[in-house]
Amino acid sequence: MSQSLNFFISSSPNSTIAKQSYSKPCAQAFSPKFPFKSARKSITASCSDLDSSPPSPILVSDNGNGGGVTELSSSSIEVDTVTETEMKENGFRSTRRTKLVCTIGPATCGFQQLEALAVGGMNVARINMCHGTRDWHKRVIEMVRRLNEEKGYAVAIMMDTEGSEIHMGDLCGAPSAKAEDGEIWTFSVRALDSTRPERTVTVNYDGFAEDVQVGDELLVDGGMVRFEVIEKFGPDVKCKCTDPGLLLPRANLTFWRDGSLVRERNAMLPTISPKDWLDIDFGVAEGVDFIAISFVKSAEVINQLKSYIKARSRDGDVAVIAKIESIDSLKNLEEIIRASDGVMVARGDLGAQIPLEQVPSAQQKIVHLCRQLHKPVIVASQLLESMIEYPTPTRAEVADVSEAVRHRVDALTLSGESGMDRISEKALTVLRSVSLRIERWWREEKRHEAMELEDITSSFADSISEEICNSAANMANNLEVDALFVYTKTGHMASLLSRCRPDCPIFAFTTTTSVRRRLNLQWGLIPFRLSFSDDMESNLNKTFSLLKARGMIKSGDLVIAVSDMLQSIQVMNVP
Ligand SMILES: Nc1ncnc2c1ncn2[C@@H]1O[C@H](COP(=O)(O)OP(=O)(O)OP(=O)(O)O)[C@@H](O)[C@H]1O
Ligand SMILES: CC(=O)C(=O)O
Ligand SMILES: [K+]
Ligand SMILES: [Mg+2]
């Protein structure tokens, strides 16, 4: 990458770019009204008369789950109908900045349901390897891939490992089981066949019966149901229900002694279990975009996994997300964040390991650190839990979502709300509207980013990129521009701009579908796939024409453009 800093500011009327585009209006300024659910392919607005590059299609090597080599015509741009409609209807300044992750479960694994989620704003589909078979997950991945290919979405796939914490087995097909006050239940490390004796559940951890002691308190899912251990019989542990509730398949189990979490041999379990390694092989082979590692304890396991993936995947571009959900992960927080490509605040299990009242401050600390260290951060679990039972969220849930949006997290995750129930679209609507409202409120209040960002790069070339992005974001706020454009092959500059959380949206143009999908997790980025050259003038001409033809930008919009081929900042009005 060139180290000479080519910094020029061109004001629109005199800009050669502006002149060129004025003199060569796009041949087909069509803007068909796409119905929200209608299909789209790579949107081809034929502006070949504007395009100085050869008119033949450019082959773009697709290294992700797009599968093989995909053709992207040099005069087409790939964007989905939902983004397009949202931009046309609300203007692109009002596009949603906070990204949405949906856990896919039995209620959402059909093609139409997945499409409904994409229409509702799902940016990333999360598959949780705690549940379902690999075949089931493979089908989900294939359907998301089909959705992307047929309808132009860039829904990324995040595979979440099971991890080797203690959890119950599944309930032999039952969706849940009710535990009543005073009932005696058996927790057994024996394998059960297909029938489950009444009030019996299996436990996945062989050492369970030896580790627990009579008198211990057993918490299901961090306290959704509580038991007291009253007797041990070999592999069976008899427990009395002291706080009734619903047991869900594979619910997490923790046990407490004298008010403290018991960490005996269970604390020595490997972060990545033998089953997880097989799931990781599966994820890499299927080309998932992110692998989220449950119950991370230290940076070591992240580094180990990253080198494993690098050796195995075709181009090593599976990003590793560290899930912060244990006491150990909090102790080693900074080294874990530094080692990973992104972080998830997994509040479900975290709230079972630390007192609940400490979860909000832990969340804020993790989010702050991730933003400082330039890592995408996701907040997960129980955002809209009550909607599984009730038609509207609680006021407290809305406040919780707002808080995360105000902290400018990259993404919010729906778990049971989208996995188990038919409420997924409704829950997505709530996340979408709350995010949009809070983001708008912050802009109206002119609450600029207050966070002082530290320098994160070590090499000189990277520092130039970082400085350019910081300056471009700052200029964008001060000049109140309509959008930042970034032309990026690796996604790095887009990500640096996102880190600054500018007031305006960031249009990220990239050449591969895998980078486009990966960027879909990050705050404020609207990822497009576009083939572009090293010639920024021609890139800008082409982009303006294509986006204008789609009605996504209009003449006069003020734009700042940066690129990672030519380290420059350009300011201009759309001609
Ligand atoms: N593939 C699946 N098959 C069946 N049920 C699922 C599936 N994925 C998720 N679920 C259901 O959705 C619920 C919430 O999903 P989520 O991914 O948050 O899992 P979890 O079990 O709570 O654990 P964790 O997120 O800590 O791994 C699960 O408890 C489960 O009942
Ligand atoms: C998402 C997750 O793993 C948790 O909240 O525990
Ligand atoms: K998991
Ligand atoms: Mg968890």
* Out of Phe528, Phe532, Phe544, Phe509, sole residue that is aromatic (Phe, Trp, Tyr) and in contact with a Leu (Cβ under 8 Å, 6 or more places away or on another chain) -> Phe509
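Being in contact (Cβ under 8 Å) with a residue 40 or more places away in the chain, on the phi < 0 side of the Ramachandran plot, more than 16 Å from ligand 2 (Cβ to nearest atom) and touching a Pro at 6+ places or on another chain (Cβ under 7 Å): is that true of Ala179 here? Give the derivation first.
Numbers: in contact (Cβ under 8 Å) with a residue 40 or more places away in the chain: yes; on the phi < 0 side of the Ramachandran plot: yes; more than 16 Å from ligand 2 (Cβ to nearest atom): yes; touching a Pro at 6+ places or on another chain (Cβ under 7 Å): yes.
Yes; evaluated as a whole, the condition is true for this residue.
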* Asked: Of the numbered conditions (1) more than 14 Å from Val562 (Cβ to Cβ); (2) touching an Asp or Glu at 6+ places or on another chain (Cβ under 9 Å); (3) part of a loop (DSSP other than H, G, I, E, B), Arg517 satisfies every one except a single condition; which is it?
  -> (3)
* **Test set (1) touching a Gly at 6+ places or on another chain (Cβ under 6 Å); (2) open to solvent by less than 40 Å² (accessible area, probe 1.4 Å); (3) more than 16 Å from ligand 1 (Cβ to nearest atom) - Ala352 fails condition number** => (3)
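Scan the stretch 159-196 for residues that are within 16 Å of ligand 4 (Cβ to nearest atom) and open to solvent by less than 30 Å² (accessible area, probe 1.4 Å) and jot them down.
At the first step, the residues of the stretch 159-196 found to be within 16 Å of ligand 4 (Cβ to nearest atom) are 159-168.
Answer for the stretch 159-196, where residues must be within 16 Å of ligand 4 (Cβ to nearest atom) and open to solvent by less than 30 Å² (accessible area, probe 1.4 Å): Met159, Asp160, Thr161, Glu162, Gly163, Ser164, Ile166, His167, Met168.
Any idea which of Arg263, Arg250 is within 16 Å of ligand 4 (Cβ to nearest atom), surrounded by fewer than 21 Cβ atoms within 10 Å (Cβ to Cβ) and not assigned by TED's automatic domain parsing to the domain that holds Ser415? Reasoning before the result, please.
Values: Arg263 fails: within 16 Å of ligand 4 (Cβ to nearest atom).
Going through Arg263, Arg250 in turn, the sole match is Arg250.
So is Lys323 of a type in the set (Lys, Arg), open to solvent by 30 Å² or more (accessible area, probe 1.4 Å) and out of contact with any Cys (no Cβ under 9 Å at 6 or more places or on another chain) or not? If you could, list the steps in order and put the result at the bottom.
Working: of a type in the set (Lys, Arg): yes; open to solvent by 30 Å² or more (accessible area, probe 1.4 Å): no; out of contact with any Cys (no Cβ under 9 Å at 6 or more places or on another chain): yes.
Answer is no for this residue.
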* Using the structure shown, decide if Asp281 is away from ligand 4 (no atom under 16 Å from the Cβ), open to solvent by 20 Å² or more (accessible area, probe 1.4 Å) and not assigned by TED's automatic domain parsing to the domain that holds Asp400. => no
* **Selection from the stretch 88-106 of residues that are more than 16 Å from ligand 2 (Cβ to nearest atom) and closer than 22 Å to Gly283 by Cα** => Pro106
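In the set Thr133, Thr103, which member is open to solvent by 30 Å² or more (accessible area, probe 1.4 Å) and β-branched (Val, Ile, Thr)?
Numbers: Thr103 fails: open to solvent by 30 Å² or more (accessible area, probe 1.4 Å).
Going through Thr133, Thr103 in turn, just one is open to solvent by 30 Å² or more (accessible area, probe 1.4 Å) and β-branched (Val, Ile, Thr): Thr133.
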* Asked: Residues of the stretch 106-129 being surrounded by 18 or more Cβ atoms within 10 Å (Cβ to Cβ) and among the hydrophobic types (A, V, I, L, M, F, W, C), which ones?
  -> Cys109, Leu114, Leu117, Ala118, Val119, Met122, Val124, Ala125, Ile127, Met129
* To do: Determine whether Gly234 is without any contact (Cβ under 8 Å) to a residue 24 or more places away in the chain, more than 28 Å from the chain's Cα centre (by Cα), open to solvent by 50 Å² or more (accessible area, probe 1.4 Å) and not assigned by TED's automatic domain parsing to the domain that holds Ile302.
  => no
* Asked: If a residue has to be over 15 Å from the mean Cα position of the chain (by Cα), outside any loop (DSSP other than H, G, I, E, B) and without any contact (Cβ under 8 Å) to a residue 60 or more places away in the chain to count, how many in the stretch 118-140 make the cut?
  -> 4
* To do: State whether one or more residues within the stretch 431-446 are away from ligand 4 (no atom under 16 Å from the Cβ), closer than 22 Å to Ser495 by Cβ and crowded, with 19+ Cβ neighbours inside 10 Å.
  => yes
* Could you check Asn478 against (1) open to solvent by less than 20 Å² (accessible area, probe 1.4 Å); (2) at pLDDT below 95 and say which number it fails? => (1)
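Can you say whether Glu357 is away from ligand 4 (no atom under 15 Å from the Cβ), open to solvent by 30 Å² or more (accessible area, probe 1.4 Å), among the acidic types (Asp, Glu) and in contact (Cβ under 8 Å) with a residue 24 or more places away in the chain, as far as the supplied structure shows?
Values: away from ligand 4 (no atom under 15 Å from the Cβ): yes; open to solvent by 30 Å² or more (accessible area, probe 1.4 Å): yes; among the acidic types (Asp, Glu): yes; in contact (Cβ under 8 Å) with a residue 24 or more places away in the chain: no.
Judged against the criteria, Glu357 is not a match.
Here's the yes/no breakdown for (1) under 20 Å from Glu417 (Cβ atoms); (2) within 16 Å of ligand 1 (Cβ to nearest atom); (3) among the small types (Gly, Ala, Ser):
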site: Val119; (1), (2), (3): yes, no, no
site: Asn123; (1), (2), (3): yes, no, no
site: Asp135; (1), (2), (3): no, yes, no
site: Val155; (1), (2), (3): yes, no, no
site: Asp160; (1), (2), (3): yes, yes, no
site: Met168; (1), (2), (3): no, yes, no
site: Ala179; (1), (2), (3): no, yes, yes
site: Thr186; (1), (2), (3): no, no, no
site: Leu192; (1), (2), (3): no, no, no
* Asked: Is one or more of the residues making up the stretch 233-244 within 16 Å of ligand 4 (Cβ to nearest atom) and part of a loop (DSSP other than H, G, I, E, B)?
  -> no
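Identify, from the list Gln358, Gln304, Gln363, the residue that is outside any loop (DSSP other than H, G, I, E, B), assigned by TED's automatic domain parsing to the domain that holds Leu431 and within 16 Å of ligand 1 (Cβ to nearest atom).
The unique qualifying residue is Gln363.
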* Asked: In the stretch 405-426, what residues are modelled with pLDDT of 90 or more and either small (Gly, Ala, Ser) or within 12 Å of ligand 2 (Cβ to nearest atom) (or both)?
  -> Ala411, Leu412, Thr413, Leu414, Ser415
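The values are calculated or read from the model by the stated rules, or taken from the named source; none is laboratory data. Given the structure is predicted, the values throughout are model-derived calculations rather than measurements. Positions of Cβ are generated from backbone atoms using ideal geometry, with glycine treated the same way; all protein chains shown enter the neighbour counts. Protein only, heavy atoms only, side chains kept; ligands, DNA and RNA dropped before computing areas. Shrake-Rupley method; radii C 1.70, N 1.55, O 1.52, S 1.80 Å.
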